[in-house]
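The values are calculated or read from the model by the stated rules, or taken from the named source; none is laboratory data. This one's a predicted model, so the numbers in the text were calculated from it and none came from an experiment. Cβ placement follows ideal geometry from the backbone for every residue including glycine, while neighbour counts extend to all protein chains displayed.
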Amino acid sequence: MADVEHTIGLLLGMEDDWPRAYESLLRRLGVVSGPDGKSHRTSSVRVTIEPFNLRYKPRHDLVIDRLAYWYYHPREWLKKIALMDDVYLLNSPFTFQSMEKHAAYCAMMRLGLKVPETVLVPYKNPLDNSRYAYTAARYNQSFDLDATAEQVGYPMYMKPYDGGAWVGVSKIRNPDELHTAYDASGERLMHLQASVEGYDVFARSLSIGPETMVMKFRPEQPMHNRYEVQHGFLTASQGDEVVTISRLVNAFFRWEFNSCESLVRGDDVHPIDYANACPDVAITSLHYYFPWAMAALLRWTVYCVVTGRKPRLDTDTSVYFAIGDDPSLSYAEKLAAYRRLADDYFEADKYADFCARYLGNVDEIVYEWVSSDEYQSLLRETVRATYPVHEHEKFLAHFGGLTDAWIRDNAPSDHPDRRP
């Protein structure tokens with residue numbers, strides 16, 4: 001028996017693929033030795049939603065939240081266990097409003113990142129609030145939407161300040177499209193953001209703790225085909241900047257499970273979306289990259305509970321702003337300073353050492369799992385639950401081929417499947 005037992009809570013919505021994968025990998029990992037000389041066993045439970053007394057003691061050491069960004073009851077439960085019980089949360093519930101993107105834009109602009117020109121415009125339609133008419137009549141200023149758009153410059157995007165999954169996003173090329181999109185926005189609060197035309201690469205980076213996977217993203221493709229399996233599509237300096245921005249955002253807001261979208265044009269990296277309370281980790285969209293995501297999630301969560309990593313709810317924004325506001329620092333110098341802060345927050349060196357010493361078998365465990373009938377069963381069941389019957393064969397072949405490619409690329413050096 002393990003000397004120390006840890007419990008990780010999974011707060012879930014409609015997802016079932018990655019939770020099943022994570023649960024399976026935790027079981028396969030079994031007992032882990034820790035730097036304290038003790039043996040540690042970590043198990044997971046799916047969190048249920050029910051009344052809770054504010055003084056009750058939760059059983060969880062850590063919670064992976066995928067629900068509370070829209071469901072307020074579990075959000076308040078997260079706040080309670082963070083404030084009263086020091087339960088470790090991968091994403092702070094106290095910076096959720098920054099996940100609405102507006103605050104994230106503001107913070108990253110102040111830090112000097114190359115965020116495209118952005119304007120927040122008032123609601124098109126009156127809010128469903130009895131006080132709106134009085135307030136609007138007295139304080140709302142009439143404005144010229146066309147003049148505002150000219151300040152941003154065509155082409156641009158109109159997108160919800162609190163949106164996700166590209167819902168409500170429109171490309172605006174001229175005044176007619178501007179007014180059509182604004183009229184359709186209704187009671188949604190919208191940003192106008194300048195388009196980065198002629199970009200070379202759309203990069204989407206998924207970060208879990210101190211690990212980041214940068215993937216080539218094609219937003220115009222259907223979801224199963226958006227992540228293109230391609231290596232070396234960024235130069236070393238471009239890749240380093242994309243990773244630095246991703247980890248800076250996460251360290252700044254205390255997010256440890258988040259994705260970032262950046263447009264790379266020449267030597268410039270323009271972050272356009274970096275606040276995702278529920279980043280995509282579905283097997284049917286990440287496909288080739290899904291095993292990496294599960295391995296990173298396994299490593300980071302086990303590291304947190306075994307080492308007793310303490311949650312840091314305070315955000316220390318002044319430390320970052322001191323760098324961003326310093327006119328003597330170049331952009332490259334600021335990025336380097338931000339990277340040091342992010343690496344310190346995520347304990348990057350300590351984490352790497354821990355993984356080498358105590359989790360060195362994770363890659364082997366994940367490889368054997370992806371090669372197993374259990375993984376194939378998970379893939380089949382997910383495809384059947386996601387797509388109509390007449391498309392099952394096509395998508396099973398599609399994702400099966402991508403899985404085979406991952407197996408060939410990640411086979412041990414002495415394995416017959418190893419790709420030369």
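Say whether the condition of being farther than 30 Å from Asp409 by Cβ and free of Cβ contacts under 8 Å to residues at least 60 places away in the same chain is met by at least one residue in the range 202-216.
Checked against the condition, which is being farther than 30 Å from Asp409 by Cβ and free of Cβ contacts under 8 Å to residues at least 60 places away in the same chain, the range 202-216 yields no hits at all.
Within the range 224-243, is even one residue of a type in the set (Ser, Thr, Tyr), surrounded by fewer than 21 Cβ atoms within 10 Å (Cβ to Cβ), outside the structural domain of Met158 (by TED's automatic domain parsing) and touching a residue at least 12 places away in the same chain (Cβ under 8 Å)?
Yes.
Tell me, which strands (runs of 3 or more DSSP E) lie completely within the range 130-231 with 3 or more residues that are of a type outside the set (A, V, I, L, M, F, W, C)?
156-160, 201-208, 211-217
List the number of the failed condition for His270; all other conditions in (1) modelled with pLDDT of 95 or more; (2) in a strand (DSSP E or B); (3) touching an Asp or Glu at 6+ places or on another chain (Cβ under 7 Å); (4) within 18 Å of Lys101 (Cβ to Cβ) hold.
The one condition His270 does not meet is (3).
For the range 345-367, give me each residue that is out of contact with any Pro (no Cβ under 8 Å at 6 or more places or on another chain), part of a helix (DSSP H, G or I), of a type outside the set (Phe, Trp, Tyr) and touching a residue at least 24 places away in the same chain (Cβ under 8 Å).
Passing the criteria: Lys350, Cys355, Val362, Asp363, Ile365.
So which of Ile323, Ile365 is of a type outside the set (Phe, Trp, Tyr), touching a helix residue (DSSP H, G or I) at 6+ places or on another chain (Cβ under 8 Å) and either at pLDDT below 95 or under 30 Å from Val306 (Cα atoms) (or both)?
Testing whether each residue is of a type outside the set (Phe, Trp, Tyr), touching a helix residue (DSSP H, G or I) at 6+ places or on another chain (Cβ under 8 Å) and either at pLDDT below 95 or under 30 Å from Val306 (Cα atoms) (or both) leaves just Ile365.
Which numbered condition in (1) touching a residue at least 12 places away in the same chain (Cβ under 8 Å); (2) not in a helix (DSSP H, G or I) is the only one that Ser413 fails?
Among (1) touching a residue at least 12 places away in the same chain (Cβ under 8 Å); (2) not in a helix (DSSP H, G or I), Ser413 violates only (1).
Is it fair to say Leu396 is surrounded by 16 or more Cβ atoms within 10 Å (Cβ to Cβ) and farther than 20 Å from Tyr22 by Cβ?
Criteria met by Leu396.
Table: residues versus (1) basic (Lys, Arg); (2) surrounded by 22 or more Cβ atoms within 10 Å (Cβ to Cβ); (3) without any contact (Cβ under 8 Å) to a residue 40 or more places away in the chain; (4) not assigned by TED's automatic domain parsing to the domain that holds Ala68.
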{"position": "Phe252", "(1), (2), (3), (4)": "no, yes, no, yes"}
{"position": "Tyr289", "(1), (2), (3), (4)": "no, no, no, yes"}
{"position": "Ser318", "(1), (2), (3), (4)": "no, no, yes, yes"}
{"position": "Ala322", "(1), (2), (3), (4)": "no, no, yes, yes"}
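For residues that are exposed (fewer than 15 other Cβ atoms within 10 Å of the Cβ) and closer than 25 Å to Val269 by Cβ, tally how many sit in the range 291-316.
So the count comes out to 1.
Please indicate, with yes or no, whether at least one residue in the range 368-390 is part of a loop (DSSP other than H, G, I, E, B), of a type in the set (S, T, N, Q) and within 26 Å of the chain's Cα centre (by Cα).
no
Conditions (1) in the same structural domain as Glu256 (by TED's automatic domain parsing); (2) within 14 Å of Leu11 (Cα to Cα); (3) surrounded by 13 or more Cβ atoms within 10 Å (Cβ to Cβ); (4) in contact with a Lys or Arg (Cβ under 7 Å, 6 or more places away or on another chain), marked per residue:
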{"site": "Gly34", "(1), (2), (3), (4)": "no, no, yes, no"}
{"site": "Ser39", "(1), (2), (3), (4)": "no, no, yes, no"}
{"site": "Arg59", "(1), (2), (3), (4)": "no, yes, no, no"}
{"site": "Arg66", "(1), (2), (3), (4)": "no, yes, yes, no"}
{"site": "Pro74", "(1), (2), (3), (4)": "no, yes, yes, no"}
{"site": "Leu78", "(1), (2), (3), (4)": "no, yes, yes, no"}
{"site": "Leu83", "(1), (2), (3), (4)": "no, no, yes, no"}
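What helices (runs of 4 or more DSSP H) completely inside the range 17-120 contain at least 2 residues that are closer than 30 Å to Gln151 by Cβ and in contact (Cβ under 8 Å) with a residue 60 or more places away in the chain?
In the range 17-120, the matching helices (runs of 4 or more DSSP H) lie at 102-110.
Show the residue pairs meeting these rules: Cβ distance below 7 Å; 6+ apart or different chains; first residue within the range 143-156 and in the same structural domain as Asp176 (by TED's automatic domain parsing); second residue of a type in the set (S, T, N, Q).
Listed pairs, sorted by first residue: Tyr154/Asn174; Pro155/Ser195; Met156/Gln193; Met156/Ser195.
Of all residues in the range 324-356, count the ones that are among the hydroxyl-bearing types (Ser, Thr, Tyr) and surrounded by 18 or more Cβ atoms within 10 Å (Cβ to Cβ).
Counting residues in the range 324-356 that are among the hydroxyl-bearing types (Ser, Thr, Tyr) and surrounded by 18 or more Cβ atoms within 10 Å (Cβ to Cβ) gives 3.
What are the residues in the range 325-344 that are part of a helix (DSSP H, G or I) and acidic (Asp, Glu), if any?
Matches in the range 325-344: Glu333, Asp343, Asp344.
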